[in-house]
1. State which residue is nearest to A:I163 (Cα to Cα) when the search covers only segment A:136-149 and only residues that are at the interface with another protein chain (Cβ under 9 Å from one of its Cβ atoms) and surrounded by 21 or more Cβ atoms within 10 Å (Cβ to Cβ).
2. Suppose we keep only residues that are within 7 Å of chain B (Cβ to nearest Cβ) and among the aliphatic types (A, V, I, L, M) within segment A:150-167. Which one would you say is nearest to B:V174 (Cα to Cα)?
3. Buried (at least 18 other Cβ atoms within 10 Å of the Cβ) and on the phi < 0 side of the Ramachandran plot: which single residue out of B:T77, B:T89 fits that description?
4. Select from segment A:84-135 the residues that are more than 14 Å from chain B (Cβ to nearest Cβ) and aliphatic (A, V, I, L, M) and list them in ascending order.
5. Suppose we filter B:V244, B:V163 for residues that are part of a helix (DSSP H, G or I), out of contact with any Gly (no Cβ under 9 Å at 6 or more places or on another chain) and either under 28 Å from B:Q79 (Cβ atoms) or at the interface with chain A (Cβ under 9 Å from one of its Cβ atoms) (or both); which single one remains?
6. Within segment A:119-169, how many residues turn out to be more than 21 Å from B:L229 (Cα to Cα) and either among the basic types (K, R) or not in a helix (DSSP H, G or I) (or both)?
7. For a quick check of your reading of the model, give me the residue pairs whose first member lies in segment A:64-78 and is more than 10 Å from every other protein chain (Cβ to nearest Cβ), whose second is part of a loop (DSSP other than H, G, I, E, B) and surrounded by fewer than 20 Cβ atoms within 10 Å (Cβ to Cβ), with beta-carbon atoms closer than 9 Å and at least 6 apart or on different chains.
8. In segment B:40-81, what residues are closer than 20 Å to B:G94 by Cα and among the acidic types (D, E)?
Amino acid sequence: METKPLALTILDIVSILVLVIATYLALVFAPTELVMGDVQRVFYFHIGTAWTALIGFMLAALFSVTYLITKNLRWDRLEVAAIEVSMVFFFITIVLGSIWARPAWNTWWTWDPRLTTAAVTELIYAAYFMLRQGIDDPERRARFGAVYALIGGLSAPITFFAIRFFRTIHPVVIGGGNAAAQGGFNMTADMRVAFFFGLFAFTIIFIDLFWHRVRLGELQNKVEQLKLQSSI
Amino acid sequence: MTDKLTPVAEEPIQADARSRELMASRPSSSFFKAVSAVVWKDVQAEVRSRELFSAMLVFSLLMILIFNFALELDVKTRQSVTAGVLWATFAFAGTLGLNRSMSIEKDRGCMDGLLLAPVDRSAIYFGKVISNLAFMLIVELIVLPVYSVLYNINLFIPGLLLVILLGSIGYVAVGTLLAAMSVQTRTRDILLPILLFPIIIPVLLAAVKASSGFLNGADMTEILPPLNLLIFYDIVFTAVAFMVFDSVVEE
């Protein structure tokens, strides 16, 4: 059996290091926000996880298209890995956002476009895994998964714009402003350092976890094939 | 012996050549012929059994009854929730129809027969979409007057009918594709609503918004955005479903 590649081990260590630094920057280094106080520090991880999760979902949609064209199961493994890691990241985003929303908006949850879309997206990918679980044949599982990932990836942004017909209170922190948005703020230079390092850190962590998940998928595939061989 | 064998050996080649000629010169009319054949088959099966239609209709009426108790549909609430009640009813009744229409294909191996036919696979998809859409629209056309009578509200507004048509198209376009997938899984019928509902949230959202706009006599500038969204969704998802249907049914 092949051992864990050295690059992956290095990436593991780097991930832990950047996570520690990001935590320090977010909790200690960044100045306390004037209006919202310490709870605003959640923001650095909230955006970091959201950013990587959204990129992950987009990658998954690309992988699904590539799979449907090439029919190479390798793309299917990439797609599953991207969706699985992104789903966990997105769940963390929602939980952190909820923690932030309680003091900022005085509620854990509100049916704002972003929040609703986030919930719907999680449900779409939960359905995706239920679909895959119900299929035994790996090739069909990959095909159906790719079709559903593609349709889900198209539907989620449309849901977002659909709900935009209603008013939003979610702040747009970078660029643009909305009169009805509450809880927005301007970043100081130190905040920006913490913010961008947060993005960087979670991107590294995402790549690390993604790599692990792809390896796991490949090993699973190998086990399945060995099982088939031994039963013949 | 040999003279007898030659024509037999020649025949498949001739047939093959003929079918290839047919395939190559296949005019677009044969595509519509194939679509209408699938629709006709479904309609005939339905006229004989009335399984799908009666289930959807009775279920819809029961849903309205349940909403009556669940929401205390008095005059005031009715104004604001009618559109929501109607679309929730259509969405739930629709999954019954979609599930049934695909599982009868799967159960007796009809799908294999359809797939063996020398027609474009998308003809099967569009045929199924049209027949599903027809059943859904018929159920909706019966539910609307019943709801009108029961709650003394006029639902026969041309705009509302247009919204129902557009919403149903989007619903069925995605629903048929996902039903074709879900019947091939272990969990079968249970899976369809779980797969379908998160995907069609834009349709439901826009349809409810546009419907209640028409019901409350809102300004056209308020109704147009959701209406445009419905048209956009219908086009995008019909196109995507058309492109990927092949990978859903191929064996």
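1. Selected residue: A:Y148.
2. A:I151
3. B:T89
4. Listed by number, the residues that qualify are A:V85, A:V88, A:I92, A:I94, A:V95, A:L96, A:I99, A:A101, A:A104.
5. B:V244
6. Qualifying residue count, segment A:119-169: 9.
7. Note: pairs meeting the criteria are A:T66/A:N72.
8. B:D42, B:E46, B:E51
The values are calculated or read from the model by the stated rules, or taken from the named source; none is laboratory data. Since we're looking at a predicted model, the values are computed, not measured. As a convention, Cβ positions derive from the backbone with ideal geometry for all residues, glycine included, and neighbour counts pool all protein chains shown.
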